[in-house]
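Read through the structure below, which is laid out as structure tokens, and then see the notes.
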Amino acid sequence: MSALKTAALIAASALIAVLAIRADPQNNPKDEKAVLQVAGEAREASRTHDLIKIQQMLTEDFLAIDPSGRLRNKAEFIDMMRNMSPELVVANAELQVSVQEVRVRQYGNAAVLTELRTVKSVPEPSQARYAQVWVKEQGSWRLCNLQVTRIAIETTAEGRNSQKK
């Protein structure tokens, strides 16, 4: 191996080691509480269809992956919400949603929040896992990435539906 390749390999290894050390979650309780609070505000803004609040909470380079796997940028995400039918907006506001398994991992000025949401809808409840990446910009936590994954429903041998986890 040439000296140049060896030096490049050593430099790359050192960079990976530094990044691995920096990637160790270092949760600051104050920041964790702030992320949980802003995530709750985002859920409420979504439920009440507060597009101004939602737009303010998103970074300019925001990306969302919806349950069908479609990638949407900030403008597309806001347009999708803006184009919801009035009936769907009302129905969304009336849904009973519970949030469980909330976990925040912080990496400097970034935090990853994961949660399980259960919608108590009729005739069947549904569940989805949410993964959110929040970044601290000018002292405020803003959402830069969102991914929603539905949890599949299985039919048991008795014919009942159950959530697959």
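How far apart, in nanometres, would the label points at Asn73 and Ile52 be if each is projected 7 angstrom from Cα along the Cα-to-Cβ direction?
Between Asn73 and Ile52, the label points sit 2.6 nm apart.
Within the set Lys30/Lys120; Lys33/Lys74; Lys30/Lys74; Lys74/Lys120; Lys30/Lys136, which residue pairs have Cα atoms separated by over 21 Å?
The pairs that break the limit, which is 21 Å between Cα atoms, are Lys30/Lys120; Lys33/Lys74; Lys30/Lys74; Lys74/Lys120.
Read phi for every residue in segment 127-138 and hand back ³J(HN,Hα) as whole Hz from Karplus 6.51 cos²θ - 1.76 cosθ + 1.60, θ = phi - 60°, with x for Gly and Pro.
Running phi through 6.51 cos²θ - 1.76 cosθ + 1.60 with θ = phi - 60° gives 10, 8, 9, 10, 10, 10, 10, 10, 10, 8, 10, 6 Hz.
Every number in this text was worked out from the coordinates using simple rules, so none of it is lab data. Quick caveat, the model's predicted, so the values are computed rather than measured. Ideal geometry is used to build each Cβ from the backbone, glycine not excepted, and the neighbour counts take in all protein chains shown.
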